[in-house]
Each structure stands twice: as structure tokens, then as C-alpha cells.
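Here is the structure we will look at, set down as C-alpha cells.
All of the numbers you see were taken from the coordinates with simple rules; none came from a lab. Predicted model, so just to flag it, every value in this text is computed and none were measured. Note: ideal-geometry Cβ built from the backbone for every residue, glycine included; neighbour counts use all protein chains shown.
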Amino acid sequence: MCPVWYDEYSLKVGYSPREQIEKGLKECKKCILILTPNYLTNEGWGKKEFDSVFTRELVEKQNIVLPVWHNVSVADIYQYSPSLADRVALHWSEGFEEVARKLKHAIETE
């Protein structure tokens, strides 16, 4: 079993969402990033979170992001982040069970 930080359940009334999200991103061992057309075009929280985790990877010299592609192409990912396009990613088209199994394996074997 691996603990999950999910903003809907982890954010507390009266606390700064930014601070809570940054705390979660600093402390996470892995970050599952589900890349969809909507995610790639949204300049809100998702982009800031991605930038934070990607910077952390560079500073700590370790792989944290576990990318999952859903209805996106390598060209879409490259446009968003050339570095991310080079990563081995899971594809949602493999099916939920297979993606979940592979994510669990990636988290547990690190």
C-alpha cells in the first residue's frame, strides 16, 4: 500500500492551498502525472505543480514524475515540455488495471 496525497482530501479549511500543495510536492516520493489535452492547455495549478516537481527532480537528481498519457501524442507532450516527451510513459489505452499495476510496481520498486 502506498500513501496518496490528494488535494480534495488533504487541503484544510483556513489553510493556504499553495502552501499545502507545495508541502505535498516537496514530500512526495513519486508524482503520478496524468497528461490529457485539457492538462496540457491549462496554465493554472497543474502547470505550477509540474514546474515545481520538475525543478525538484533537477535539484535532487532523481526521477519523481510517473507520466501517464491519455489521448495525447508525443508531439503534444513535446510542445508542452520537450524533456517530458523523452520519458517512458504509461498509456491510458492499456486499460486502468494495467496502468494501476505498472504504477504500483514503479512506486514499490524505487
- [ ] Once you have the Cα-Cα distance between Thr36 and Asn71, take 0.36 nm times their residue separation minus that, and quote the gain in nm to one decimal.
- [x] 12.0 nm
Open item on the list: Testing the spin-label approximation: label points 7 Å from Cα along Cα→Cβ at Ser83 and Lys102. State their distance in nm.
Closed with: 2.3 nm
Open item on the list: Just want the answer: with Cβ charges of +1 for Lys and Arg and -1 for Asp and Glu, which residue in Tyr15, Phe50, Gln79 is farthest toward the dipole's positive end in the chain?
Closed with: Tyr15
TODO: List, in the order given, every pair from Lys48/Lys102; Lys12/Lys61; Lys47/Lys104; Lys26/Lys61; Lys12/Lys102 whose Cα-Cα distance in the structure shown is over 21 Å.
DONE: Lys48/Lys102; Lys12/Lys61; Lys47/Lys104; Lys12/Lys102
Open item on the list: Compute, for the stretch 27-108, the length of the dipole vector about the Cα centre, with Cβ point charges of +1 (Lys, Arg) and -1 (Asp, Glu) only. Units Debye, rounded to 20.
Closed with: 160 debye
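Please list the three semi-axes, largest first and in whole Å, of the ellipsoid equivalent to the chain, using sqrt of 5 times the eigenvalues of its alpha carbon gyration tensor.
Sorted largest first and rounded, they come to 22, 18, 15 Å.
In deg cm²/dmol, rounded to 500, what helix-only [θ] at 222 nm does the chain give when every DSSP H run of at least 4 residues adds -39500 (n - 2.57) and the total is split over its residues? Could the numbers behind the result be given before it?
Working: 7 runs with 60 residues, N = 110.
After summing the helix terms and dividing by the residues of the chain, the value is -15000 deg cm²/dmol.
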TODO: Between Lys61 and Glu22, with labels modelled 7 Å along Cα→Cβ, what's the label distance in nm to one decimal, could you check?
DONE: 2.6 nm
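Compute the semi-axes of the equivalent ellipsoid of the stretch 52-110, taking the square root of 5 times each eigenvalue of the Cα gyration tensor, and list them largest first in whole Å.
In descending order, the three semi-axes are 20, 18, 7 Å.
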Task: Cut-off under 5 Å, modelled amide H: who pairs with Ile32 long-range - done: Leu66
